[in-house]
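Visitor: Submitted below is the structure of interest, expressed as C-alpha cells.
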Amino acid sequence: MTYVDPPSAALHGELSADGAHIVLIGVGPDAAIAHMAARLQLATPLIKPSDPPGALVLPTTWAAVVQLSHLFGAMWRPGPRLLAWLAEEMRRRTRAGDELTVTLPEGLTPRPYQVQGARMIAELGRALLFDDPGAGKTITTILGLLERAAAGHPVAPIIVIAPASVVNPWVEAWRTWAPDWRVTAWRGTPEHRRRLAARPAGTAAHVVVASYDTARMDAAKGKPLDRLGAKTVVVDECHLIKSSHAARSIAARRLAKRADNFVALSGTPITHHPGDLWPTLEALAPTAWPSGERWKARYCETIPGDYSARVIGLNQLAEPEFRATLLGQHRRVAKADVLTQLPPKVYSVREVDLPPAYRRAYDQLEHQMLAELPDGTELSVMSVLAQLTRLNQLASAAADVTVTREVGADGELHEHTEVKLRAPSWKVDALLDVLAERPGSPVVAFAPSRQLMALAGEQATRAGLQVGYVVGGQSAKARSEAVEAFQQGKLDLLCVTTGAGGVGLTLTAARTVVFLQRPWSLVEAVQAEDRCHRIGSEIHDSIEVIDVVATDTIDTRIRAVLHDKAGQLADLLQDKRIVSQLLGGRHADIRKAA
C-alpha cells in the first residue's frame, strides 16, 4: 500500500540569514513528517540537523531546490527570501546575451556561438562547455573569463589544467586573445615551479597552464599550485578526471572546489556511461553533488554488482530533473549546426586479408589462447586482456616473439613475453597504397599502437616519403616541431598514436585520415578524426576518413563496442547524430571500399 501524505502536510524552506543554507521545517501529522524526512535522504546534497535542533539544513544550491521541488511537489513551500533567491538565480541562468563588452585585439572576431558560450561563463562563473571537438572551446572559455573579469568578478589567478599536448596551444591562445594578461606554462623542475608560485603580485602570472601530471604533483595542500590561491580553475578534456579515485581527478577537484569560478571543457564528456560525469559535476558544484553514489542512485539506471553498481544509462524518469539541475549552466553545440562551412566527412573502409599463415595463428590464439607463428615460435596468453592485445597485433602485422625467464624476488620463476611487430604489415601496405593514390596530398595515420606507427613510418620513409611522428614519450618541443612541419606542408605522412595525439592537435593540412587501428576508447576514436576536421579545414572540399580493417578479426568487435559507447554519449548530449554518424554510420556491416 502506497503512503499518501495528508493535505495538511507541507515542507517549508527558507534561506538562512547568511544565505548559505536552506532551512527545512516539516509540518503535519507525525507520520507525514517522518515520511518527508525519509524522502529527503533521496536528495544528493548532505542534509544535517539544524543548530539548535528543530529543523534540517542543506547548502543553498540551484540543484537542491530543483530536487526538493521534484521530491515533494505541491507540499514544497519555499519562503519569501528563498523565492527571491530563486527568481534571481533563474534570471542569471536564462538571461540571453550575444554581445561582449570587452575590447578584443584588432583582427580577432569570435563566432556568434562562441560569444554566447562566453556570456554563459561570464554570467554564472561555473559552467560546463561540451561543444564538439574542433568548435573552438578554448577561445570561448577565454572570452568568458575576460568578460567576467570586466564585470568586476575576481577571476585571476587562473589555473588551466590540460593534457600535456595542449599546454602550449593554451598559452598561445591566451597571449593572442588577452595580450595584456601575464600567461605562463607551469612546468620545469620542482624548484622552478616553487619560484613561479612565490612571484610577487606585480609580476605573478594571471594565468598558469599545467598538464594533468604536473597538477597532480602540485595541487596538494601547501604545494605550489595550492599556494597560488586560484580564483578560477579550467579543466580541459574533463573526461580525463572521470575516475574519482585517480590522483589527477582528486587534484583537479580539490583546486576547483576552492575556486570562485570553474569551467570544464570536453567534446566527449563521458567515455563509457553517464556515471563518468560525476567527478566533473562535483567540481562544478561541490555541495550539490558531494557523493557519486548518491548522484548515480538518483539519476542513473544501475545493475547491482559485487563491489559497486554498474551504470547502464540515464534513468529516463529522473532525466528531466537532472537536466533542470543544470539549467543554463552547460552548453553544447554541434559543428554541423554552427560550422556549416566545414567540409563533409567522407568515410570508407578498406578490408585487408591476413596472409594464410598468420590467419591460422590468429584463429588459434582467438580460440585456444595459444598460437604457433609462421617461424615456429609459440605465442600464448593467460588472460583475456592479454589476448585482446595480442589479437590486435596479429591483425596488423607479422611479429617476432621473445620469451625471457627469470627468478623473481619471491623465488619463483617468472616468464615475460615481448611481441615486436615487423614487416610485412598488410595494414601498412594499405596505408602506402593510400599515399600512392594521393601524391602531394599529406595524410595523417592513427593507431593506438606505437609499434605499428613506427613500422608505418619506417616503410613510408623507405618509399621516399617525408614522415613525422606524434607518439608517447616525445618531448613537447619534438611534438610541436612535427605538427608545425606537417601544417607547413613539409611532410607527406604524420604517424600519430591516438593516446598521444587524440586531443589538442590541429592537423588541418590533411584532407585524408587513415586509421590502421581504432582504439577501444570512444573519446580517442572521435577526437582523433577531429584533429583534421575543425576550424581551418575549410581549405578542403571534404575530409576523407579511411579505416583499414582486417577481415574477420577483432577490428569489427572494436567498432561495435565504439557504437555502444556512442549511444550513451548521444543520450547524455541529446544528439542522436553522434550514433548515426559514428564511423560513417557503419559499425558492424563492413564492406570493401569501392
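Visitor: Would you please name the residue that is farthest from L569 (Cα to Cα), looking only at residues in the stretch 292-330 that are touching an Asp or Glu at 6+ places or on another chain (Cβ under 9 Å) and of a type in the set (D, E, K, R)?
Guide: Among residues in the stretch 292-330 that are touching an Asp or Glu at 6+ places or on another chain (Cβ under 9 Å) and of a type in the set (D, E, K, R), the one farthest from L569 (Cα to Cα) is R298.
Visitor: Which one of these does A283 not meet: (1) part of a strand (DSSP E or B); (2) closer than 28 Å to L146 by Cβ?
Guide: The one condition A283 does not meet is (1).
Visitor: Quick check, is E88 among the acidic types (D, E) and surrounded by fewer than 22 Cβ atoms within 10 Å (Cβ to Cβ)?
Guide: yes
Visitor: For a quick check of your reading: which helices (runs of 4 or more DSSP H) sit entirely within the stretch 108-222 and have at least 2 residues that are touching a strand residue (DSSP E or B) at 6+ places or on another chain (Cβ under 7 Å) and crowded, with 23+ Cβ neighbours inside 10 Å?
Guide: On the way: elements: 112-124, 137-150, 167-177, 190-197, 212-218.
Once the helices (runs of 4 or more DSSP H) in the stretch 108-222 are filtered for at least 2 residues that are touching a strand residue (DSSP E or B) at 6+ places or on another chain (Cβ under 7 Å) and crowded, with 23+ Cβ neighbours inside 10 Å, what remains is 112-124, 137-150, 167-177, 212-218.
Visitor: If I ask for residues that are in contact (Cβ under 8 Å) with a residue 24 or more places away in the chain, within 39 Å of the chain's Cα centre (by Cα) and farther than 18 Å from L82 by Cα, which ones from the stretch 44-64 would you list?
Guide: Across the stretch 44-64, the qualifying residues are T44, L46.
Visitor: Quick check on my filter: what residues within the stretch 339-365 are in contact (Cβ under 8 Å) with a residue 40 or more places away in the chain and assigned to a helix (DSSP H, G or I)?
Guide: If the condition is that a residue be in contact (Cβ under 8 Å) with a residue 40 or more places away in the chain and assigned to a helix (DSSP H, G or I), then Y358, Y362 are the ones that fit.
Visitor: Applying the selection to the stretch 296-317, what residues are surrounded by 16 or more Cβ atoms within 10 Å (Cβ to Cβ) and in contact with a helix residue (DSSP H, G or I) (Cβ under 7 Å, 6 or more places away or on another chain)?
Guide: Hits for the stretch 296-317 are K296, Y299, C300, T302, V311, G313, L314, N315.
Visitor: Applying the selection to the stretch 452-469, what residues are in contact with a strand residue (DSSP E or B) (Cβ under 8 Å, 6 or more places away or on another chain) and either at positive phi or free of Cβ contacts under 8 Å to residues at least 40 places away in the same chain (or both)?
Guide: Residues satisfying the conditions are G457, A460, T461, L465, Q466, V467, G468, Y469.
Visitor: Tally the residues that are β-branched (V, I, T) and under 19 Å from L431 (Cα atoms), restricting the search to the stretch 486-507. Let's see the steps before the verdict.
Guide: Step one: filter the stretch 486-507 for residues β-branched (V, I, T), giving 496-498, 503, 506.
Then drop every residue that is not under 19 Å from L431 (Cα atoms), which leaves 496-498.
Selection size over the stretch 486-507: 3.
Visitor: Something else: Would you confirm, using the coordinates I've provided, whether E321 is in a helix (DSSP H, G or I) and at pLDDT 95 or above?
Guide: Criteria met by E321.
Visitor: Further, regarding this structure: Between a first residue in the stretch 270-299 that is without any contact (Cβ under 8 Å) to a residue 40 or more places away in the chain and within 30 Å of A525 (Cα to Cα) and a second residue that is of a type in the set (V, I, T) and surrounded by fewer than 19 Cβ atoms within 10 Å (Cβ to Cβ), which pairs have beta carbons less than 8 Å apart while being 6 or more apart in sequence or on different chains?
Guide: So the pair list comes out as K296/T302.
Visitor: Restrict the check to the stretch 478-500 and report whether at least one residue is surrounded by 18 or more Cβ atoms within 10 Å (Cβ to Cβ), acidic (D, E), within 23 Å of the chain's Cα centre (by Cα) and outside any helix (DSSP H, G or I).
Guide: no
The values are calculated or read from the model by the stated rules, or taken from the named source; none is laboratory data. Please read these numbers as outputs of a predicted model, since none were measured by experiment. With ideal geometry, Cβ positions are generated from the backbone for all residues, glycine too; neighbour counts draw on all protein chains shown.
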